[in-house]
Each structure stands twice: as C-alpha cells, then as structure tokens.
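Below is the structure I would like to discuss, written out as structure tokens.
Bear in mind these aren't lab numbers, they're just calculated from the coordinates by the rules spelled out. Only a predicted model underlies this, so the values are computations on that prediction, with no experimental measurement involved. Methodologically, a virtual Cβ is constructed for each residue, glycine included, from the backbone with ideal geometry; neighbour enumeration extends over all protein chains shown.
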Amino acid sequence: MNVLIVYAHHEPKSFNGALKDIAVAVLTEVGHQVKVSDLYAMNFKAIADRADFKEMLEPDYLKYGIEQRHAYENDALANDIKAEQEKLRWADLLILQFPIYWFSVPAILKGWVDRVFTAGFAYSKGMSYDTGGLKGKRAMLSFTTGDPFDTFAHNGRHGDIDIVLWPIQNGILRFVGFDVLPPFIAWSAARGSQEIRERHLVDYRGRLLALDRTEPLFFHLAEDYNESWRLRPGIEARTPGQRTMARDECVSLRNAQVLQLGSSLLAE
C-alpha cells in the first residue's frame, strides 16, 4: 500500500512522535510505501483565507467554498494545498496521528482538513459519504488521550468515545468517502507508566501488521435513507450518530422540560 501519515504534534520526542515513528518503521519493514506530512515541522498554514487562491472568482467578497471549487477546477489553489492533495491521490491509506485536544483534533490538523479537502476534490453536490471524492481509500485515526478508558466509557464522565469521535470519523473522513478503520487509541499515554507506553507501542505494531485483515467501521449507505435523508422504516440504526436520540425526541423532551420549569416557577 501507499500510506500517508498526517502527523500533528509540536514535540518530536512526544508519544505521538513515537507512534508516528513506529508506524513508519513497521509499514516500511513489510513493504509499504510511506509518506509523512509533519504539520508542525512544515509550519503548515492552518488558516483558511484568500491566500489559498492564486486567482478568485469574486475578489470583493470571500465565499470560501465557492472559491475552493473555482480554484480547484482552474488549477489556482495554493501550492501547499496542491501538494497535500497529490499525496492523498497517491495514498491508499491515510493515518491521522494526533493528541485529542478539546474532544477533537488539534487546530493545525483541522486547518489541514479545511484547506486540503476542497470542494470539487473531496466532496461536491452528489459526491459525499459513500460517493465522496476519496471513495475507495481507507483512513484510520491513531491518537492519544489525557484520561483513561473508563472516563470515555458509555457511562463515563466524558461520554462514549464512539460519540466523541463521530464528528471526525463520520463528519470528516466518511463524508469525503473514506472507508474508516477502527481507531487506535493510546489511553492516557502522557500520564501512564513506561510499561503502559511500551504496551501501547506493541499493540500499535500489531494493529499495523493486521491492516489488510481489518474490517472498516459500519456506516449506513445512501440507500438506507429516504428522500429526507432519514433512515427508512425498518432500517435499524447501527452507528453512534443514528443510535442517539432522534431530533424530534430531543425537541419533545426539551419542550417538556421547559414546561416543567415554567410550572415550578409559577408555583413559587
């Protein structure tokens, strides 16, 4: 395979750095081709602005998505964006390596997504999810957490890790067409013992060696939805996003809570 690792950590000696290094070593050892985009070392520009376009369709008013599409179709994207898109075209597998920051990815990695997954290249009208622009490629998250597994359990203080990851795995990777592999998570790596960190590295090596045998996560296909993009009757919700309480139920619950609060205030 051709593997692109997008690495987002400011410290080369960090545990994220160790995970990136072992991925390069293991994947190369078994014959894969590996490229690394080290975003901090590259001083990658995370801000999406006018500088992303060599020419603009409407210079007086920036509509970023429209300008993205225009620039992509007219070979007018900034050179750093074009370079990352070429790596994605080359790659069969994308690995995002990062520490969880505020229940999401670091700003520099979000900026990479904002600028590189351009309209026309990664998504478009009628080109999303199972028909996304990067359909046929695979992607995987590899990341570290500050807190241990129990805090990210379904009844943990932070909430179910599958729900925490839904905006990244579904809203970013699956949205542009990737088949998303189960994530590798190094729980509480910074606070753990040396023995725990070494165990994480051993486990990650095993995950990397089993990539060709790893089944992607399940996501509902377009055919599972009706014309309003809601699951058809009889289709069982099987993902963290669809398994959560339906919006209508949330609205009903919220309204009931408001009415109950109003009643209690009147009673006072």
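Among the aspartates and glutamates, which have Cα under 16 Å from the Cα of LYS13 when same-chain residues fewer than 8 positions away are ignored?
Within reach: ASP21, ASP38, GLU198.
Next question, about the same structure. Return the sequence-ordered ³J(HN,Hα) values of region 189-203 in whole Hz as given by the Karplus equation 6.51 cos²θ - 1.76 cosθ + 1.60 applied to θ = phi - 60°, using x for Gly and Pro.
Those phi angles translate into 4, 5, 9, x, 6, 4, 4, 5, 5, 5, 5, 4, 5, 5, 5 Hz.
Taking the Cα centre of region 113-191 as origin and charging only Cβ (+1 Lys, Arg; -1 Asp, Glu), how large is the dipole, in debye to the nearest 20?
I would put it at about 320 debye.
Also, quick follow-up: Around ASP52, under 10 Å between beta carbons, what's the net of Lys plus Arg minus Asp minus Glu among the other residues?
Summing Lys/Arg as +1 and Asp/Glu as -1 gives 0.
Tell me, in nm to one decimal, what length is gained between ALA83 and ARG50 on full extension, where the rule is 0.36 nm per residue of separation less the Cα-Cα distance? Intermediate results must be reported in sequence, preceding the final value.
Numbers: separation 33, 0.36 × 33 = 11.88 nm, distance 1.78 nm.
Going from the current span to full extension adds 10.1 nm.
Based on DSSP loop calls and a cut-off of at most 11 other Cβ atoms within 10 Å, the longest stretch of the chain free of exposed chymotrypsin sites (Phe, Trp or Tyr not before Pro) is what?
103-217
Could I ask something else about it? Given the rule -39500 (n - 2.57) for each run of at least 4 DSSP H residues, summed and divided by the residues of the chain, what is its mean residue ellipticity at 222 nm, to the nearest 500 deg cm²/dmol? Can you show the working numbers first?
On the way: 8 runs with 92 residues, N = 268.
It lands at -10500 deg cm²/dmol.
Identify the trypsin sites (Lys or Arg not before Pro) of region 176-247 meeting these criteria: DSSP loop state and at most 15 other C-beta atoms within 10 Å of the C-beta.
ARG191, ARG230, ARG238
At what distance in angstrom do the alpha carbon centres of region 1-50 and region 81-154 lie from each other?
A separation of 13 Å, based on Cα centres.
Scan (i) 17.7, 56; (ii) 18.7, 58; (iii) 21.0, 73 for the value of Rg and Dmax of the Cα atoms in Å calculated from this model and give just the label.
Checking each listed value against the structure points to (iii).
Share of antiparallel DSSP beta bridges in the chain, in percent to the nearest 5?
Counting only bridges with both partners in the chain, antiparallel ones make up about 15 percent.
Which entries in the list LYS87/LYS125; LYS82/LYS110; LYS20/LYS135; LYS87/LYS135; LYS63/LYS137; LYS54/LYS82 go over 20 Å, if you measure between the two C-alpha atoms of each? The partial results should precede the final answer.
Working: LYS87/LYS125 24 Å; LYS82/LYS110 17 Å; LYS20/LYS135 25 Å; LYS87/LYS135 15 Å; LYS63/LYS137 29 Å; LYS54/LYS82 12 Å.
In this structure, LYS87/LYS125; LYS20/LYS135; LYS63/LYS137 lie more than 20 Å apart at Cα.
Modelling each spin label as a point 7 Å along the Cα-to-Cβ direction, I'd like the TRP102/TYR64 distance in nm, to one decimal.
Here the modelled spin labels are 1.4 nm apart.
Collect residues whose amide H, placed 1.01 Å from N in the peptide plane, falls under 5 Å from the amide H of ILE5; neighbours closer than 5 in sequence don't count.
HN-HN under 5 Å from ILE5: LYS35, VAL36, SER37, ILE95.
Of all alpha-carbon pairs in region 80-129, indicate the percentage at a distance above 12 angstrom.
Above the 12 Å cut-off, region 80-129 has 71 percent of its Cα pairs.
Still on this model: Could you compute the net charge surrounding LYS63? Neighbours are other residues with a C-beta less than 14 Å from the C-beta of LYS63; K and R count +1, D and E count -1.
-3
Find which of ALA51, LEU109, HIS10 sits farthest along the positive direction of the dipole of the chain, computed with +1 on the beta-carbon of Lys and Arg, -1 on that of Asp and Glu, about the Cα centre.
HIS10
Continuing with the same structure: GLU236 to LYS13: FRET efficiency via 1/(1 + (r/R0)^6), r the Cβ-Cβ distance, R0 41 Å, to the nearest 0.05?
After rounding to 0.05, the efficiency reads 0.30.
In whole Hz and in residue order, list the ³J(HN,Hα) couplings for region 18-23 that follow from phi through the Karplus curve 6.51 cos²θ - 1.76 cosθ + 1.60, θ = phi - 60°; x for Gly and Pro.
Result, ordered by residue: 5, 5, 4, 5, 5, 5 Hz.
Suppose each label sits 7 Å from its Cα in the direction of the beta carbon; what would the ALA222-ALA153 distance come out to in nanometres?
4.1 nm
State to the nearest 20 debye the size of the charge dipole of the chain about its Cα centre, where the only charges are +1 on K and R beta carbons and -1 on D and E beta carbons.
Around 220 debye, computed over the chain.
Below 11 angstrom from the Cβ of VAL36, what's the summed charge of the other residues (Lys, Arg +1; Asp, Glu -1)?
Residues near VAL36 contribute +1 overall.
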